[in-house]
Amino acid sequence: MTDIEFQPGQTETTQARVQSTRRITPESTDEVRQIVLRVDEPAFYFPEGQNIGVLVPGPHAFGNKLHHRYYTIANALAREDGVELELLVRRCFYVDEVSGERYPGVASNFLCDAGIGDPVMLTGPYRSPFRIPADPTSNLLMLGTGTGIAPFRAFLRRIYQEGRDWRGSVRLYYGARSGTELLYMNDQNADLSQYFDHGTFQAIQALQAGLLGDAADALGKGIEANAREIWALLQDPKTHVYLAGMRKIAERLDQTMAEAAGSMERWHQTRQALIEDRRWSELTYV
């Protein structure tokens, strides 16, 4: 997600507390935690897939009193006396390009280190580019890496667990460096498997072979292996496309779909038509 400068007094804040926190990746991989925040305000509005801001108290670098970062709501549940928001948080570190020193990401480490009952100040929720179409015959084409799976998991829960008779094709393409990094689809956390019995849903998992490459490279190979089906789905005027995760996946999609379309020009025309028709949504990071 994105770091932004927070202006006190310009954005409404909401007090939350950590309800639960657990690591959902093995010790041998990068740490990703499933964190549930509780807000004791039943009127707090929280559509799944939207973003909230997390404020980390300082002082911080450059004299900032607060550090502000967006996270996507992976799941949300309304209670009679409050609201529970679920976040997927990867513990991040950054390397200074000049000194070579390694520094912890402010917001991710703050959340990953937080214990049950600890306070967390929120802003938002904010509107997200990801929205579920009202028409249940729409096709959903979702492509993501890492914690980018959060809004897609929320989508699946919404369309399959809230009694909606979803009849369009739902395809989830997800890339990771190894099977243990397939969040919600590995042996430890396989809750996406509950949707496999829906005839409209299919999850395509792509893993990176060997030590080189990353999750985006893995997803790129998955896209290439299924290019015909993806291209055919894109020809349907009821198809909506969602990209989440590393920005490289958009580049790999461009390359593969240009080959499937026969030319980059034809692919650009197809993608532009999707954008103009509001059937293309993208939330990526470098």
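Identify the residues of the range 108-125 with backbone N under 20 Å of a label point that sits 7 angstrom from the Cα of His60 along the Cα-to-Cβ direction, or state none.
Under 20 Å, as judged by backbone N against the label point of His60, lie 108-115, 118-125 of the range 108-125.
Extension gain Ser99-Asp254, at 0.36 nm per residue separation less the Cα-Cα distance, in nm? Don't skip to the answer; put the middle values down first.
On the way: separation 155, 0.36 × 155 = 55.80 nm, distance 3.54 nm.
That works out to 52.3 nm of additional length.
What is the sum of charges, Lys and Arg at +1 and Asp and Glu at -1, for the other residues whose Cβ falls under 10 Å from the Cβ of Arg17? Provide the component values of the computation, followed by the final result.
Values: positive: Arg38; negative: Asp40, Asp118.
Result for the local shell: -1.
I want to check the label-to-label distance for Asp40 and Tyr126. Put each point 7 Å from Cα in the C-beta direction and report it in nm to one decimal.
Between Asp40 and Tyr126, the label points sit 2.8 nm apart.
Around Val95, what is the net charge, scoring Lys/Arg as +1 and Asp/Glu as -1 over all other residues with Cβ under 9 Å from its Cβ?
-2
Size of the dipole of the range 230-286 about the Cα centre, Lys and Arg at +1 and Asp and Glu at -1 on the beta carbon, nothing else charged, in debye to 20?
Result for the range 230-286 is approximately 140 debye, rounded to the nearest 20.
To the nearest Å, what is the center-to-center distance of the range 37-102 and the range 245-286, using C-alpha atoms only?
So the two Cα centres are separated by 29 Å.
Return the distance in nm (one decimal) between the two label points of a simple spin-label model at Asp135 and Gln19, each offset 7 Å from Cα along Cα→Cβ.
3.5 nm
Read-outs throughout are calculated quantities, based only on the coordinates presented, and are distinct from any laboratory measurement. As the structure is a prediction and not an experimental result, all values here were calculated from the model. Neighbour counts are summed over all protein chains in view; Cβ atoms, including those assigned to glycine, are modelled from backbone coordinates with ideal geometry.
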